[in-house]
1. Rounded if a/c is under 1.5, else prolate if a/b beats b/c, else oblate: with a ≥ b ≥ c from the C-alpha gyration tensor eigenvalues square-rooted, which is segment 243-321?
2. Rounded, prolate or oblate, given the Cα gyration tensor of segment 396-453, with a/c below 1.5 counting as rounded?
3. Restricting to the chain, compute how many DSSP beta bridges are antiparallel as a %, nearest 5.
4. Can you pull the three principal axis extents for the Cα set of segment 1-128, in Å, largest first?
5. If packing is taken as the mean number of other Cβ atoms within 10 Å per residue, what is the order of 262-275, 77-90, highest first?
6. Just reorder V221, V216 by solvent-accessible area, largest first, 1.4 Å probe, all chains present.
7. Of the peptides 228-234, 183-189, 68-74, 443-449, how do they stack up when ordered by the mean number of other Cβ atoms within 10 Å, highest first?
8. Under a 1.4 Å probe, what is the accessible area of segment 8-447 per residue, stated in Å²?
Amino acid sequence: MSFKKEFLWGAAAASYQIEGAWNQDGKGMSVWDHFVQKPGAVYQNHTGNTACNHYFNYKEDIKLMKEMGLQSYRFSISWPRVLPNGIGNVNQKGLDFYNNFTDELLKNDIIPFPTLFHWDYPYELYTKGGWLNRDSSDWFAEYTQVMVDALSDRVDRWFTLNEPQCFVGLGHGNGEHAPGLKLQKRDMTTIIHNVLLSHGKSVKTIRENSKLTPRVGMAPVCPVFIPINDEPKNIKAARDAMFSNKNGENFTAWTTSWFMDPVCLGKYPEDGLLEAEQYLPESYKEDLKIISQPVDFIGNNNYHGNFVQMGRDGEPELTKPEEGEPLTGFNWRVTPGSLYWGPKFLYERYKLPIIITENGLSNKDWVSLDGKVHDPQRIDFTHRYLKEYRRAAEEGIDIEGYFHWSIMDNFEWALGYRERFGLIHVDFSTQKRTIKDSGYWYKTVIQSNGENL
Ligand code: FCB
């Protein structure tokens, strides 16, 4: 079987990366609003203060989504726009924005697929200890409740968290992202546990209070390992590497299983517990019951993978990249196989449908003299990756959707506006949008449900 009939084709973006209007209409401050003010924190001191001005331009943007034939749009909600202090007072104007936005999507036959948290954490809660504070999971549940009350009569698909590995690892481990902390293992373990507990309480809140019957999941990044060939020992090496927690200094923060085993299997993986159990709260086994609320699918942000073979010692061994291999604008490797092996390994272990919640590349795009944006690399990249994703479907792996990152060029976190990931080009000085060649190409993929790949 190829892509199933109900397969969902979409694109994604996140609130801080596109909305702008950082201090308008009663919005509270997020840790990113704060972080970007620190000289040197972001490439050329760019900020998301205006970004794509999407808060004001959203109708035009939805029109372009419609023109590209998108079936669904994965967006995120800015928590401090809705709850300026993170908890307590609701900012009605912020809520109105997401209400109107949802209506506009539906009017254009685009299914809204919100992510509750994509990194713009309320600054006020950060001053109360943020994710280190055990109450953080109740704060997240309170925020979830506000959004479910507001949208669940029209929204029936939700992601709780985007890439917890990144906002924990980059935000609290090496300080490259907001809030810019460099914490030790004990604190990192506490944070991850609170983040997982937040996910669990959020799922419970969504299920118990939604007006429409909801489908819920998380959107983690799951670093993919690709066997160098199809020999069973190398496939085993790749699978072992994908779910291993033996990552030395980084230990739990970057793994797939430390996050997804608790969510999907109700336990922390043994190889991680060897070191990290001492840092977990006494109640952790009780907490796992909340963390492992049933989910309906696994989101997977998937950009590239590492090649692996079985080493002589029976441990997976990374192979050296080929000299001069293709790289994206970000210098990320071009590894189409990650869209086959990632979903395959995740599906085998967790037995849940897979949705690719992000995939794409940054590219050096500009508007040509003919007024168009020619980006053959993005077309070729996406074509190669989608063929591998289709191979997964053909082999019986249950895949439900694909969201290209990103709908439009935007604020790429610590790299500001240097990296262009969009299917739509944005001129940040004029806010003019131009659908790139890849956007028109993607439209044909959607129209044929991937048959033209
Ligand atoms: C992911 C993030 C997303 C974007 C892409 C390029 O890690 O979830 O916001 O920055 O990478």
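1. Details: a/c = 2.63, a/b = 1.51, b/c = 1.74.
In terms of gyration-tensor shape, oblate.
2. Values: a/c = 3.94, a/b = 1.74, b/c = 2.26.
Oblate, because a/c is 1.5 or more while a/b does not exceed b/c.
3. Values: 9 of 43 bridges.
Percent antiparallel among DSSP bridges in the chain is about 20.
4. The principal-axis extents, from largest down, are 50, 34, 29 Å.
5. Details: 262-275: 18.1, 77-90: 21.5.
Packing order, densest peptide first, comes out as 77-90, 262-275.
6. Working: V221 25, V216 0 Å².
Correct descending sequence by accessible area is V221, V216.
7. 68-74, 183-189, 443-449, 228-234
8. Working: 16780 Å² over 440 residues.
Value for segment 8-447: 38 Å² per residue.
The values are calculated or read from the model by the stated rules, or taken from the named source; none is laboratory data. Note that the structure is predicted; figures quoted are calculated from it, not measured. Cβ: placed from backbone, ideal geometry, glycine included. Neighbour counts: every protein chain shown. Only protein heavy atoms, including side chains, enter the accessible area calculation; ligands, DNA and RNA are left aside. Shrake-Rupley method; radii C 1.70, N 1.55, O 1.52, S 1.80 Å.
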